[in-house]
């Protein structure tokens, strides 16, 4: 069993595509396919289902995947232990993140860390909070950033930032700088997907105040932050977003605090406890923690 074969399998699983895995690892797609075909032949099982547009693991592939990740990380740690120069760290660091961290504090972490570790490349996958949690649990990425604490003993959560949610509206809406929840629901809403932590927190607050989902006039449901902001700009409705994101939209939208919804949003860095970090992920995790402590 060759490590190149194992790495090819892990990367196809992570990127859900032979072509994307080839791009990320600087191999050709035929080389990736050959590595996996030889690995399947040696193991005597089919690891990947290639029938659909998105490549998925077979049941045997799912069983093998967690061991494959551990083998790759253990190999990298062994090489790192023999290397006294911490600046020589290399490889690809896959990060899963929800939308708000992806446009607020995460880019600063990535830029700051790369000043000391220029050999590391990042693969950043942006989705909703629940998808990030699921991907980390399934080892599709070593580190995640989300907007709520995970109630799972298998996932470690490190608090890294605090923010609050605000309402944004088209500039021609007659909305004051502070609005009540009762007034807010009179406007059409643009919702994020159901896995969004911001949406969940707002819905829970509305529920405590006696409002149901059916009380809101939902104009659209989108799974992309930029689409949501642009939809507000052109007058489709209002939306709930991070204050840090809203502060960068000066002149494009109106921003209002919601009187009945002033809870702080806490953001976390998460990782799976049961698996060992690659040297790159371990160094990045320590860097993020050091930056949080220094603030």
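FYI, it's all coordinate maths here, none of it is from the lab. If you're wondering where the values come from, they're calculated on a predicted model, not measured in any experiment. Because the Cβ atoms are built from the backbone with ideal geometry, glycine has one as well, and the counts that use them run over all protein chains shown.
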Taking the Cα atoms only, what angle lies between the long axis of helix 197-208 and the longest principal axis of the chain, rounded to 10 degrees? 40
Fraction of antiparallel bridges per DSSP, segment 109-262 only, in percent to nearest 5: 45
C-alpha long axis of helix 279-294 to longest principal axis of the chain, angle in °: 30
Quote the Stokes-Einstein diffusion coefficient, in whole µm² s⁻¹, for segment 116-239, based on the Kirkwood radius over alpha carbon pairs, a temperature of 37 °C and a viscosity of 0.692 mPa s. 197
For the chain, percent of DSSP beta bridges that are antiparallel (nearest 5) comes out at 50
Segments 122-134, 104-116 sorted - mean Cβ within 10 Å per residue, highest first: 122-134, 104-116
Listed residues 94, 142, 203, most fluctuating in the chain (Gaussian network, C-alpha, under 10 Å): 203
Comparing 169, 81, 206, which has the greatest mean-square fluctuation in the GNM of the chain with Cα pairs linked when under 10 Å apart? 81
So which residue, out of 253, 45, 150, gets the largest mean-square fluctuation from a GNM of the chain using Cα contacts under 10 Å as springs? 45
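Using the Kirkwood formula over every pair of different C-alpha atoms, what hydrodynamic radius in Å results for the chain?
Numbers: mean 1/r = 0.0475 Å⁻¹.
By the Kirkwood definition, the hydrodynamic radius is 21.1 Å.
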Separation of alpha-carbon centers, segment 4-45 and segment 160-198, rounded to whole Å: 44
